[in-house]
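Reading through the structure tokens given below for one structure.
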Amino acid sequence: MGRRAKNKQGDPAPIGDRENRPSQKKLGKRKADDVEAPSKRPAKKARESEVKPAKPSIVKGKPKTVATGEAKAKSDKPKAKTQKRAHFEDEDEGAGSSEGWEDVDDDGDLKSHAKKLFHGSDDDEVVGFEGDLDDLVMDEDDDPFNAPAQELDLGSDDDEPELPVKGKKSKQHVRPAKIIPTGSDASSDDSDEEDDDEDGPTTMKNMEARSRALDARAEEEADLDAEELRRAALDGEMSDDDLRDADDVDMDEEGEGGEDGEEGLVLPTAEELDEEKKRGGPDVHTVQRRMRECVRVLSNFRKYAAKGRARSEYVHTLMSDIASYYGYNDFLTEKLFQLFPVAEAIEFFEANEIPRPVTIRTNTLRTRRRDLAQALINRGVNLEPIGKWTNVGLQVFESSVPIGATPEYLAGHYMLQAASSFLPVIALGPQPGERVLDMASAPGGKTTHMAALMQNTGVVFANDANKARTKSLTANVHRLGCKNVVVCSYDGREFPKVIGGFDRVLLDAPCSGTGVISKDASVKQNKSERDFTLLSHLQKQLILCAIDSVQADSKTGGFLVYSTCSVTVDENEAVVDYALRKRPHVKLVDTGLEFGRPGFTSYRGKTFSDKLSLTRRFYPHVHNMDGFYVAKFKVERRAKVKPAQAGADADSVVPEVDGAPVAFDADEDKPYLEEMKRKRMKAKGLKPPPRHKDAPAAVEAAA
Ligand SMILES: C[S@@+](CC[C@H](N)C(=O)[O-])C[C@H]1O[C@@H](n2cnc3c(N)ncnc32)[C@H](O)[C@@H]1O
């Protein structure tokens, strides 16, 4: 559907940023355009060109080991008159400096010049890295790129290197363009001319239009659903209860015989679908046609549904086709499908097939963004600032060099980091001199960002339960020259017993990774209901410990940020809502992030605190960044509560913080606590009582 091409290397900037920036299309051709048509440059150029050209920093010599904090970067003067210069406004991290740099002075073919620069002088050294790279502890942030940037899978800065896809493969590779009409496709009719260019890349302009169209479409669908429900109720088909929850569409509603569907389309029965599955699934053209038809019918059921066919049949068929087409297991298909209105769900699944933009974060402990950009441009890297919301991010469009093995990379001038990973750190806003805990920190993308914001002062406790992963954390801390970081390896649930009283805490929680499916497609198949139950439980435990590790009367802080790279409600709003209920002395506050959708305040029959709207959701199909979630809490001083008053099980009480007990005392924790007791008894050689017959499956599974 052309979205693929459009989204490729699209801009991860927030919608609101897009207006004042050159289009993606223009960016893609930036070098050529710059040379041929300098008049197209942004207006600020004249002023900017008065700024002295930055001197690119280039490390000389063949690196043999990890560049440490002490690594010295030497400056190379721009060599030739064809030297490409990037001009930036002054931009000191945290100083509220200008976002963009202005365009460059080109008086030659940059690409060939940059190539010459690279292959001629540094090339041998860089190419000669074989072997040495193995010595570097590379994580997903650090995989050296050896292919054009667009084709590279950057890997989350948050998680393991990409795993091979297990199980079913998506049928995406065999599909032609433009098969499923989606909200954004529909919008292209009435949006600007760039939207009409279906095969062109996503532009900042059409991204905004696209995103708006999605929202409008979602609203439209919600209205239609509500209207259908109302009518059904008037017809006596539905109870008041049904009517009350307009989100839960009546799955048994039947069509009244609208227009025929697509020519020759006969909606299969459940049995036929099962049969089809057993035969290896429908052929790709059938599945595409059916998906298209189901989306159309579900967009206006009364009008388009075939007579006698139930809404649930269309939904069931569509979910089955999504699972087969994109290669998801049935459970996850449904879970993700339910998050969005129908057409938007397709957008989401589509976006998961497309790599997100390659982005890097300037390490302001070692360099400035403009200097880094200049140095990389000189090496043949085509890049741009990510957006106004970050003054350290750069988006790499293409590169003739491996972006994870440049001298600048080895010297710690930047971190390969997904744009979404900047968000929780920006929301937390650690200040110089503070004591900060990064409770689940490996491989350290956010730790090193925080260390830089704190200007290497104060202290960041970088903890991760996985000792093996702390190696890459330590390597990154050294490479980026962070001197205020203490690395440790505890289960996060041991905090604040280990150490507490932090001004700020970041809990970038272990999660299912449903926001980073484009990087790790194994998630499509390997996540089950049990995983979500266990993860959600762990996240709930961790968040309470994170809250209890915050110094409520911190003079400068008293904040916690909870984040995940998952889009499921179980791992996000449900966890945050649980924390609010368990710790009445904390409150949600604005994340300060300029964009992102508000968190759910209710979802499929569950009601959360209204304040959940202060949390932020980020989606690949809306923001062109990994799916992500950010919540920010302010921790206030709590009233003293005795364990007995809280109804807490004595065994569940962990050390006191601020004189008050930290307890997991909810009914929902009881089965887990009982299981822990059973385990303790077993460990002591005692015979534990039989497990309660109502114990959730997850408890047994975890046992
Ligand atoms: C999303 S990743 C963190 C990414 C990291 N914040 C970054 O920006 O690079 C989650 C981390 O949680 C760690 N983890 C899992 N269970 C944990 C626990 N109980 N306590 C502390 N860390 C845990 C995992 O080892 C993993 O490194």
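The values are calculated or read from the model by the stated rules, or taken from the named source; none is laboratory data. On a predicted model such as this, the values are computed, not experimentally measured, just so you know. As a convention, Cβ positions derive from the backbone with ideal geometry for all residues, glycine included, and neighbour counts pool all protein chains shown.
May I ask you to list the residues in the stretch 316-348 that are acidic (D, E) and either within 13 Å of R290 (Cα to Cα) or assigned by TED's automatic domain parsing to the domain that holds R617 (or both)?
Correct list: D321 only.
Being free of Cβ contacts under 8 Å to residues at least 40 places away in the same chain and under 20 Å from the mean Cα position of the chain (by Cα) is the requirement here; does L394 meet it?
When the stated conditions are applied, L394 passes them.
Condition (residue is under 13 Å from the mean Cα position of the chain (by Cα) and outside the structural domain of L339 (by TED's automatic domain parsing)) applied to the stretch 530-544: is it met by at least one residue? Explain how you work it out, then say what you get.
Taking the stretch 530-544 first, the residues under 13 Å from the mean Cα position of the chain (by Cα) are none.
Looking for residues that are under 13 Å from the mean Cα position of the chain (by Cα) and outside the structural domain of L339 (by TED's automatic domain parsing), one finds none in the stretch 530-544, hence no.
Give just the number: which of (1) within 15 Å of the ligand (Cβ to nearest atom); (2) in a loop (DSSP other than H, G, I, E, B) does R469 not satisfy?
Here R469 meets the rest and fails (2).
When you go through V516, V505 one by one, which is the residue that is within 14 Å of the ligand (Cβ to nearest atom), in a loop (DSSP other than H, G, I, E, B) and either in the same structural domain as A323 (by TED's automatic domain parsing) or among the aliphatic types (A, V, I, L, M) (or both)?
V516
Out of curiosity, is A442 within 11 Å of the ligand (Cβ to nearest atom), surrounded by 24 or more Cβ atoms within 10 Å (Cβ to Cβ) and closer than 23 Å to F628 by Cα?
So A442 passes the test.
Exactly one of these conditions fails for F559: (1) over 18 Å from S441 (Cβ atoms); (2) more than 12 Å from the ligand (Cβ to nearest atom); (3) buried (at least 22 other Cβ atoms within 10 Å of the Cβ); (4) within 23 Å of the chain's Cα centre (by Cα). Give me its number.
(1)
Between a residue in the stretch 311-329 that is in contact (Cβ under 8 Å) with a residue 40 or more places away in the chain and any residue that is of a type in the set (K, R), which pairs come within a Cβ distance under 6 Å, given they are 6 or more apart or on different chains?
Y325/K171; G327/K168; G327/K169; G327/K524; Y328/K524
Tell me, yes or no, whether the stretch 445-462 has at least one residue that is near the ligand (Cβ under 8 Å from one of its atoms) and of a type in the set (A, V, I, L, M, F, W, C).
no
With respect to S566, is the statement that it is without any contact (Cβ under 8 Å) to a residue 40 or more places away in the chain and within 15 Å of the ligand (Cβ to nearest atom) true?
No.
Would the stretch 447-457 turn up any residue that is surrounded by fewer than 20 Cβ atoms within 10 Å (Cβ to Cβ), under 22 Å from the mean Cα position of the chain (by Cα), at positive phi and assigned to a loop (DSSP other than H, G, I, E, B)?
The answer is no; no qualifying residue exists.
Report the residue count in the stretch 484-502 for those that are among the acidic types (D, E) and either in a loop (DSSP other than H, G, I, E, B) or touching a residue at least 60 places away in the same chain (Cβ under 8 Å) (or both).
So the count comes out to 1.
For the list (1) part of a strand (DSSP E or B); (2) β-branched (V, I, T); (3) within 12 Å of the ligand (Cβ to nearest atom), I need the number of the one condition that V396 fails.
Checking V396 against (1) part of a strand (DSSP E or B); (2) β-branched (V, I, T); (3) within 12 Å of the ligand (Cβ to nearest atom), the one that fails is (3).
Going by what's in this entry, would G433 be described as within 13 Å of the ligand (Cβ to nearest atom) and at positive phi?
no
Out of A419, A405, report the one residue that is over 30 Å from V550 (Cβ atoms) and modelled with pLDDT of 95 or more. Before you say what the answer is, go through the steps one by one.
On the way: A419 fails: over 30 Å from V550 (Cβ atoms).
Going through A419, A405 in turn, just one is over 30 Å from V550 (Cβ atoms) and modelled with pLDDT of 95 or more: A405.
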